[in-house]
Each structure stands twice: as structure tokens, then as C-alpha cells.
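The values are calculated or read from the model by the stated rules, or taken from the named source; none is laboratory data. Everything quoted here is computed from the prediction, not taken from an experiment. Cβ: placed from backbone, ideal geometry, glycine included. Neighbour counts: every protein chain shown.
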Amino acid sequence: MKKLTLILVLLMATAFAKGQSYSALENYSFGWYIQYMEGLVEMKDGNILTCTRLLNVDSAKDYSEDYGYCLLKLNREDASIMDSIFLPDDYTNFFLLEPHPTTDGYLFINQAYDFQTASNFLKIRHFYDDLTFDDVVTAPLIDTVYGGTDQFLLEENNFIMISGREEGSWICQRFGFDGTLKNRTVFPESVHHCEFRTGIKIWNESPKEYVAWGYTPGSQANFYYHILDSVLNIRETVALEHTPQYPNVWFGHDDNALESLDENTYLLATPFEAGNWTSPDYKVGVQVTKRDKATHMNLKTTFFSFESVGSGVVGASPYVVDVRQTEEGYIYLAFGDLSGINRFSVALLDSDLNVLWQQYYLNLGPFDFMYRMKVLSDGGLGLVGFNPSAAKVFALFINNDYDALDEQDIIIRPYTFYPNPAQSELHLSYSPDVQPARIELYDLQGRLLQIQTHGLESIRLEGLAAEQYLMKVTLKDGKVFTDKVVKK
């Protein structure tokens with residue numbers, strides 16, 4: 001059974017790292033705003049590389065013309081920052097950050113913009129483990145939108161970039177690492193372009209095919225994905241219908257994820273909503289579907305529902321970080337909730353979408369969310385996230401051979417509990433791979449108030465004063481977790 005190790009890093013923007021060039025960040029008189037936390041690379045030495053897109057905010061809280069990228073090298077064992085570098089740029093956009101497939105070192109590629117000539121171009125940088133860079137290679141871009149959403153896919157000798165156009169359509173282009181344009185397909189407006197949260201992955205290895213996806217708001221079946229052939233022409237376009245089980249699946253949401261499983265099937269992970277939010281049967285959360293590549297029929301669905309919170313029903317705002325398959329055929333799913341409750345969870349599923357275990361991260365703060373995910377070489381998982389309203393970023397490492405460290409017990413659980421604060425009853429939901437033995441409730445002076453050994457999916461709070469209590473959950477394997485709960 002794979003185990004979970006969680007390492008949380010909170011970093012103020014002016015104290016990210018020891019890299020010499022990063023001192024430039026401290027010379028600005030105002031704070032920095034993190035646009036995105038993107039890119040997650042397992043380096044050749046086993047450590048982790050990630051990057052933030054930063055911009056400066058002046059005293060009037062307006063964006064200034066100071067932009068840049070901050071590369072962070074993190075130690076895989078304790079998530080400490082080993083090195084960093086700040087790359088100033090006139091405009092920060094999405095980028096490719098990957099190990100170079102044929103040489104030592106890494107690639108950093110982004111779309112740039114020349115304000116004087118109003119022209120777009122590529123910046124292609126090659127750098128090494130010590131974050132030293134070679135000279136920048138530049139290449140012109142034809143009629144791409146300044147500030148458009150760009151997504152990249154690395155190949156052995158090339159990279160693919162998807163960009164928007166001013167006319168409202170989109171472009172898929174393949175470049176060599178020297179900036180040479182090799183393939184370019186412009187899709188007309190009649191082809192639904194991937195307007196938000198576009199992604200691109202391998203669809204089939206032989207023959208070589210790709211899948212590009214996103215959504216366009218304003219229609220009922222507005223989640224589109226396009227199957228592209230080896231020269232980036234569209235072979236098939238899919239506009240998904242809503243599932244019969246949950247007719248209000250949020251295919252129009254910008255946080256969906258696709259993953260090809262094999263030559264016959266693929267996964268789609270998306271938020272869902274069922275019923276009216278005022279009704280008792282209201283459900284909201286994330287679902288994963290296994291689908292047939294030929295027909296796109298839904299073969300199986302696994303739901304991860306968020307329960308009602310507080311008195312009455314409070315709507316959740318679910319999002320999918322990603323869904324990824326490991327070399328052994330297991331499936332990782334990471335997802336969260338941005339409704340203010342800020343639940344975050346990672347689950348491991350088998351190839352038939354049965355949940356093997358699920359872990360819950362309970363200490364997310366307002367506007368904290370995970371953003372990028374990657375399966376690591378040992379079968380573990382790496383995730384990075386950020387808080388857009390505060391200068392902090394997160395690194396979450398999931399290993400396949402360690403229990404959670406003792407000091408991490410405050411933030412990782414094999415269960416979640418809700419609502420908190422609670423009025424009369426507290427509910428608990430456990431990971432499928434654990435069994436609870438008993439629940440004890442103490443006051444803050446350590447006096448035992450009640451003990452429960454049956455019906456451990458809920459505990460009653462009637463008759464207790466409105467204050468904080470300590471809940472101790474003991475599992476059958478002997479592990480003990482203690483949490484603060486609030487009776488209101």
C-alpha cells in the first residue's frame with residue numbers, strides 16, 4: 001500500500017531563497033503578486049523544480065510593469081529551498097518547464113511580447129542543475145494573441161504550443177528547440193477553441209495522436225476536446241453531454257483533466273453538481289469517468305462528494321488539479337474545494353476506478369489551492385500550489401514507501417470531518433483503506449466527556465456547551481489522531 005508523506009512550504013515572496021540573483025526581488029519597495037504556480041519537474045538528482053509567475057503591485061494596488069519568473073529548486077526530502085533564480089520579463093505568460101529530452105539540463109520556454117513593435121515571440125532557454133542559463137534563443141510568432149493562454153507539450157526533439165488568435169480561433173504549432181517552425185495548424189472559429197484552462201497530452205503513441213481540451217462558456221455541452229493527428233490536424237472533436245447520473249456536471253468549469261489510459265480508454269475528471277443547492281439531496285464534488293476512445297461512452301464513474309457543511313447546505317466550489325496514471329497502472333487524482341472550507345484531497349485508484357486510499361489535507365487557508373501535479377519516477381506524486389492573495393507557495397510530495405512524518409500529523413488525515421463548527425452532530429468520512437476503532441471527546445482541560453466504539457461515522461454533540469473540544473480518533477491499526485472541533 002502506498003503511503004502519503006506531506007511536506008508543506010510557506011514562503012514569503014521576499015524570502016524565497018538564497019540564490020544570488022534573487023536579491024533583485026528585495027529591492028522593490030512594494031509586494032509581489034503571484035499570478036500562477038506552474039511547472040513541476042523532477043530533476044536528475046531527484047530534487048524538485050518549480051516556478052511562480054510574479055508581478056509587482058504598487059502602492060495603489062495596481063499592477064506595475066515589473067514582471068518575472070521565479071524558479072525554485074526544492075529538496076525532495078524536506079522541501080527546503082536549495083536554490084532559486086529570478087528571471088525578469090516584460091510580460092509573464094504560461095510556459096514550458098521540463099528536463100531537456102536529449103541533453104543535460106532543462107528547458108524553459110515562454111511566449112514574450114515586444115511592446116515597441118507589438119509583436120509576439122518565443123523565448124527558449126536551456127539551463128542546468130545549478131540554475132545557470134545558456135543564451136536565450138528567440139523566434140517570431142505569427143498572429144498569436146498577446147496575453148493569450150498558451151499550453152505546451154514536450155516531445156523528444158520538439159515542443160507543441162497552443163495559442164489563441166485575435167480572431168477568436170486558435171493555433172497549434174510545433175517548434176524545434178532552435179525555434180524552427182515545423183507544423184502550424186490554424187483552426188477557424190467554427191472549431192470550438194479551448195478558451196480557458198487549455199491542456200494538451202498524448203492521446204495515442206502509435207499512430208501518434210494528441211488530445212487538446214478546454215471549455216467555451218455559454219452553451220450546454222461546452223466542454224470540448226480535439227483529437228489531433230501527428231501533424232496537428234483535427235481528426236475528431238468531442239463535445240461532451242452531461243451524464244445521466246448527474247445532469248449538472250460542470251463541463252463548463254475551467255478545472256477539468258484528461259488522461260489517456262491505453263489504446264482503448266481514457267479518463268476524464270471534472271467537478272459535478274446534482275440537485276438544487278437548497279434541497280436535501282444536493283450533491284457537489286468531483287467525478288472521474290473511464291471512457292471508450294472509439295465511442296466516448298462512459299464505462300464507469302467514481303464520485304467524490306463534498307458533504308453539507310454547517311447548518312443547512314453550503315455550496316462547494318470543487319476543482320480538479322489533475323488525474324494521472326502511474327507506470328504500474330494506478331491512478332492518482334488530486335482535487336479540492338475553494339468555497340471557503342478549502343478541503344483538499346488526494347486519492348489513489350486502481351485501473352477500474354476503485355478507490356484504494358484517500359488522504360485529506362485539512363489546514364488549507366482562504367484562497368490556498370494546489371495547481372500542478374506530476375507522477376514522480378518512484379511512483380510517488382508531486383504537487384505545487386499557491387495563494388494568489390498572499391505571497392506563499394506550497395509543495396506537496398507523496399511518496400510510495402513512507403508513512404506521514406510525525407510532525408505532519410496535524411495536516412494529513414485518512415478521514416475528514418464536517419461540519420466544523422457543528423451544531424448537534426459531527427460526521428466523519430474515512431479513506432477506504434482504514435478502519436476506525438473508537439472516538440473520544442475531551443474538553444480543553446483534558447477531561448474525557450464521551451467515548452464511542454460503534455457508529456463511528458458520526459458523534460452527537462447535544463448537551464455540550466458552545467466551545468472548543470478535542471476529538472481523538474483511534475484506528476484499528478493503533479494510529480491515533482487528535483483534532484479540535486467546535487460546538488456552536
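Summary table
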quantity: Unmet requirement for L141, which otherwise passes all of (1) buried (at least 16 other Cβ atoms within 10 Å of the Cβ); (2) at pLDDT 95 or above; calculated: (2)
quantity: Close pairs from region 150-163: first assigned by TED's automatic domain parsing to the domain that holds I124, partner among the acidic types (D, E) and at pLDDT below 90, Cβ under 7 Å, at least 6 apart; calculated: M161/D150; I162/D150; S163/D150
quantity: Pick from region 409-423, criterion of a type in the set (V, I, T) and either over 29 Å from the mean Cα position of the chain (by Cα) or part of a strand (DSSP E or B) (or both), ranking: surrounded by the fewest Cβ atoms within 10 Å (Cβ to Cβ); calculated: T416
quantity: Conditions (1) crowded, with 17+ Cβ neighbours inside 10 Å; (2) charged (D, E, K, R); (3) assigned to a loop (DSSP other than H, G, I, E, B): number failed by R125; calculated: (3)
quantity: Flag for D62 being modelled with pLDDT under 85 and either out of contact with any strand residue (DSSP E or B) (no Cβ under 6 Å at 6 or more places or on another chain) or surrounded by 21 or more Cβ atoms within 10 Å (Cβ to Cβ) (or both); calculated: yes
quantity: Of residues in region 351-384 being of a type in the set (D, E, K, R) and more than 24 Å from A316 (Cα to Cα), the one modelled with the highest pLDDT; calculated: D352
quantity: Those strands (runs of 3 or more DSSP E) lying entirely in region 424-469 with at least 3 residues within 28 Å of S345 (Cα to Cα) and touching a strand residue (DSSP E or B) at 6+ places or on another chain (Cβ under 9 Å); calculated: 425-430, 436-442, 458-460
quantity: Close pairs (7 angstrom Cβ cut-off, 6 or more residues apart or separate chains): under 13 Å from D150 (Cβ atoms) in region 91-118, of a type in the set (V, I, T) and outside any strand (DSSP E or B) anywhere; calculated: F94/T149; Q111/T144
quantity: Scope region 245-276; condition of a type in the set (A, V, I, L, M, F, W, C) and at pLDDT 65 or above; matching residues; calculated: A257, L258, L261, L267, L268, A269, F272, A274
quantity: Among (1) buried (at least 19 other Cβ atoms within 10 Å of the Cβ); (2) part of a loop (DSSP other than H, G, I, E, B) - the single one P101 does not satisfy; calculated: (1)
quantity: Of residues in region 326-340 being surrounded by fewer than 18 Cβ atoms within 10 Å (Cβ to Cβ) and either polar (S, T, N, Q) or within 13 Å of D368 (Cβ to Cβ) (or both), the one modelled with the lowest pLDDT; calculated: G340
